[in-house]
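Inspection log for the structure reproduced underneath, given as C-alpha cells.
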Amino acid sequence: MMAGIVLDHYDDTDRNALADAMEVMASAFDPAFGEAWTLPQLAGVMTMPGTWLTIARLDAAPLGFALVRSVLDECELLLLAVTPLWRGRGIGVTLLQDSLSQARRRGIISMNLEVRSTNTAIRLYERCGFEYVHRRPGYYRGNDGNLHDALSFRIDMTG
Ligand SMILES: CC(C)(COP(=O)(O)OP(=O)(O)OC[C@H]1O[C@@H](n2cnc3c(N)ncnc32)[C@H](O)[C@@H]1OP(=O)(O)O)[C@@H](O)C(=O)NCCC(=O)NCCS
C-alpha cells in the first residue's frame, strides 16, 4: 500500500464520512455514465445493517472509498472510487483487497459487483480474482440519456 495511506471503516451513518465519500464521488465518476450516487442514496444504504464504508485517507484527506452491502453470507461491492489525481498508485486495489478481507472477517463467502461494460475497472476486478457472470443490457443511464450495459462479476471466497 502507498506510504501514509490509512483506511477508516464506518458501519453506521457518520456525517463527516458521508461528506468525505461524496467529495470523492463528485470527482471520480464521469456524469456521462450515470454511475455516481447522491448523498441521500449513500445515507440511505448506510442505515441498512451489514453495510460498511471504507475511506482511504492521506493526512485525513479522503482520496478514495469502497462501499459494501452484505446480506447473510453474501455481499455486494456497491461502489469503488479513487479521486482522479491519485489514480494508478494502488489505492483502488488496496480498497478492493481490504473490502475482501473485511468480508471474510465477517464470515461472508462471496462478493458480487456490477460494472459498466466499458469501465477500465474491470481489469482491476479480474486481477483480484473476480469472474464474469452475466451482462445486464442498459443498466446505467448517462446524463445524455444513453444507456450502458453492466457486467456482473463474482468472487467466491470459500477457497
Ligand atoms: C477504478 C478505480 C477505483 C481504480 O483506482 P486506482 O487507485 O487508480 O486503482 P489502482 O491504482 O489500484 O489500479 C488501477 C489500474 O489502472 C492503472 N492506472 C495507471 N494510471 C492510471 C490513471 N491515471 N487512472 C486510472 N488508472 C490508472 C493502474 O496501473 C492499474 O492498472 P493495472 O490493473 O493494469 O495494473 C478508479 O479508476 C476510479 O475511481 N474510477 C472511476 C470510478 C469507477 O468507475 N469505479 C468502478 C465502478 S464502481
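The stretch 24-159: Rg/Rh from Cα coordinates, Kirkwood Rh?
Rg divided by Rh gives 0.94.
Determine the dipole magnitude for the chain: charges of +1 sit on the beta-carbon of Lys and Arg, -1 on that of Asp and Glu, nothing else is charged, the reference point is the Cα centre, and the result goes in debye to the nearest 20. Show your work: numbers first, answer last.
Details: 15 positive and 19 negative charges, 61 e Å.
The dipole magnitude comes to about 300 debye.
Pull out the extension gain between V133 and Q41, defined as 0.36 nm times the separation in residues minus the alpha carbon to alpha carbon distance; nm, one decimal. Walk me through the numbers before you get to the answer.
Working: separation 92, 0.36 × 92 = 33.12 nm, distance 2.58 nm.
Answer, rounded to one decimal: 30.5 nm.
Just the accessible area per residue of the chain, please: how many Å² with a 1.4 Å probe?
53
What's the center-to-center distance, using Cα atoms, between the stretch 12-26 and the stretch 45-84 in Å?
10
For D30 and R106, FRET efficiency with R0 = 30 Å and r from the beta-carbon atoms, rounded to 0.05?
Using R0 = 30 Å, I get an efficiency of 0.40.
Dipole size in debye (nearest 20) for the stretch 1-45 around its Cα centre, Lys and Arg Cβ +1, Asp and Glu Cβ -1?
Approximately 80 debye in magnitude.
Apply 1/(1 + (r/R0)^6) to the Cβ-Cβ distance of R89 and L147, taking R0 = 25 Å, and write down the FRET efficiency to the nearest 0.05.
0.15
Using a 1.4 Å probe over the heavy atoms of the protein chains, calculate the carbon and sulfur portion of the accessible area of the chain as a whole percent.
51
The values are calculated or read from the model by the stated rules, or taken from the named source; none is laboratory data. A quick note: this is a predicted structure, and the numbers were derived from the prediction, not measured. A quick note on method: Cβ atoms are made from the backbone with ideal geometry, for glycine too, and the neighbour counts reach across all protein chains shown. All accessible areas refer to the heavy atoms of the entire protein, side chains included, with ligands and DNA or RNA removed. Shrake-Rupley method; radii C 1.70, N 1.55, O 1.52, S 1.80 Å.
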